[in-house]
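Take a look at the structure set out below.
The values are calculated or read from the model by the stated rules, or taken from the named source; none is laboratory data. Since we're looking at a predicted model, the values are computed, not measured. We place every Cβ from the backbone using ideal geometry, glycine too, and count neighbours over all the protein chains shown.
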Amino acid sequence: MCAQTPEAVIPDLPLVASGKVRDVYDAGDGRLLLVASDRISAFDVVMDEPIADKGRVLTAMSAFWFAHLGDVVANHLISTDVADLPDGARLPGLAGRIMLCRAAEMLPVECIVRGYITGSAWKEYSAGGTMHAMAMPAGLLEASQLPEPVFTPSTKAEMGDHDENISFQRAADLVGAELAARLRDVAVELYRSGAQWAAERGIIIADTKFEFGLVDGELVLADEVLTPDSSRFWPADLWHPGATPPSFDKQPVRDYLDGLDWDKRPPAPPLPPSVVDATAARYRDAYERITGLALADWPGHSV
Ligand SMILES: Nc1ncnc2c1ncn2[C@@H]1O[C@H](COP(=O)(O)OP(=O)(O)OP(=O)(O)O)[C@@H](O)[C@H]1O
Ligand SMILES: [Mg+2]
């Protein structure tokens, strides 16, 4: 459940949906406007404190990957330029945090790909030797690299619930066998390509989630792509099988919250400025290391 009801920031466009992090507007002509806020959620609860530049990082990084991965599959991105927005929506506060997209008929399968075993997958494997109910080689340690990236789909839960793992067969029941196989193959290829790029820059992409949709019958990569919110990024130099390394993302927030006596239900406890600043620094660092670009050069930079 969302702890806050975010204000609609573009009064002239209809707000279609408001997620924990992003607001979605109808931009007309079959287009959606995704606005990435600086909100951060942990344990599915939105914190009160914004993380400076987080929305710009999510947008800039997704835009980078859409361009980089464009030869693998088509995507929904039309523009990240405020000048391309409809009249009445070109608000200066939106610079750097918007994606104008083709509205897609979203497929009800979340396409998770895992290259390393951690989190819930590690829990399952250490309890019974399987991952996503599939037999896995013996002897893997926490955070081990898997022999091959593995497609572990899930379905999107209703607000407030965690996503539910589904088998490949169930994914095929939901979208058809042919499309399910295409989703699997494309998702694995996207992961391989992105993970290789990041690895050359000292970042391990341990796992990630892609969302796809159909536009006029064409499969398109939608939503956000290979960001710290949709993926686990690890510093390669801190990776040793046997323990999960600290992530380039919400780790400072999670660590702080774990040290509190908080039941993980709203309202969220206040975050100290040191935790907020450490988190903002990680998002910026992840962007700059992966893209080799300065975040200051992305629109919306305030001096
Ligand atoms: N091209 C697109 N066409 C239609 N819907 C899209 C497109 N790209 C992304 N979406 C949808 O827009 C929404 C983005 O919002 P966001 O990710 O903040 O919320 P959420 O995923 O519903 O919830 P949360 O991430 O908070 O659990 C998602 O529901 C996503 O599936
Ligand atoms: Mg989402």
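Taking region 134-144 as the range and being out of contact with any helix residue (DSSP H, G or I) (no Cβ under 8 Å at 6 or more places or on another chain), more than 21 Å from Ala236 (Cα to Cα) and part of a loop (DSSP other than H, G, I, E, B) as the test, the residues that pass are Pro137, Ala138, Gly139. If the condition is being closer than 16 Å to Ala296 by Cα and touching a Leu at 6+ places or on another chain (Cβ under 7 Å), then region 62-97 contributes only Ala63. Restricting attention to region 39-71 and to residues that are charged (D, E, K, R) and surrounded by 20 or more Cβ atoms within 10 Å (Cβ to Cβ), the residue that is farthest from the chain's Cα centre (by Cα) turns out to be Asp53.
Just give me the residues in region 67-94 being closer than 28 Å to Val253 by Cα and of a type in the set (A, V, I, L, M, F, W, C), in sequence order. Even if it seems obvious, please write down each step before you answer.
Step one: of region 67-94, the residues closer than 28 Å to Val253 by Cα are 93-94.
Listed by number, the list holds a single entry, Leu94.
Whenever a residue of region 69-92 is at negative phi, its partners that are within 16 Å of ligand 1 (Cβ to nearest atom) and of a type in the set (S, T, N, Q), lying with C-beta atoms within less than 8 angstrom and at least six residues away or across chains, give the pairs Leu69/Asn75; Leu77/Ser62; Thr80/Thr59.
Val35 meets all of the listed conditions (1) without any contact (Cβ under 8 Å) to a residue 60 or more places away in the chain; (2) crowded, with 21+ Cβ neighbours inside 10 Å; (3) in a strand (DSSP E or B) but one, namely (1). If we keep just the residues of region 22-64 that are aromatic (Phe, Trp, Tyr) and out of contact with any helix residue (DSSP H, G or I) (no Cβ under 6 Å at 6 or more places or on another chain), which is nearest to Met106 (Cα to Cα)? Within region 22-64, the match that is nearest to Met106 (Cα to Cα) is Tyr25.
Looking at region 248-265, which of the residues that are touching a residue at least 40 places away in the same chain (Cβ under 8 Å) and surrounded by 14 or more Cβ atoms within 10 Å (Cβ to Cβ) is farthest from Ser62 (Cα to Cα)? Talk me through it step by step, then tell me what you get.
Narrowing region 248-265 to residues touching a residue at least 40 places away in the same chain (Cβ under 8 Å): 248, 250, 253-254, 257, 264-265.
Still in the running and surrounded by 14 or more Cβ atoms within 10 Å (Cβ to Cβ): 248, 250, 253-254, 257.
Details: Phe248: 16, Lys250: 18, Val253: 22, Arg254: 23, Leu257: 28 Å.
Taking the candidates together, the pick is Leu257.
State yes or no: is Val113 within 15 Å of ligand 2 (Cβ to nearest atom), at pLDDT 95 or above and in a strand (DSSP E or B)? When the stated conditions are applied, Val113 does not pass them.
What residue, of Ile98, Ile112, is assigned by TED's automatic domain parsing to the domain that holds Leu190, within 30 Å of Val215 (Cα to Cα) and of a type in the set (A, V, I, L, M)? Write out each step before concluding.
On the way: Ile98 fails: assigned by TED's automatic domain parsing to the domain that holds Leu190.
Within the list Ile98, Ile112, the selection yields Ile112.
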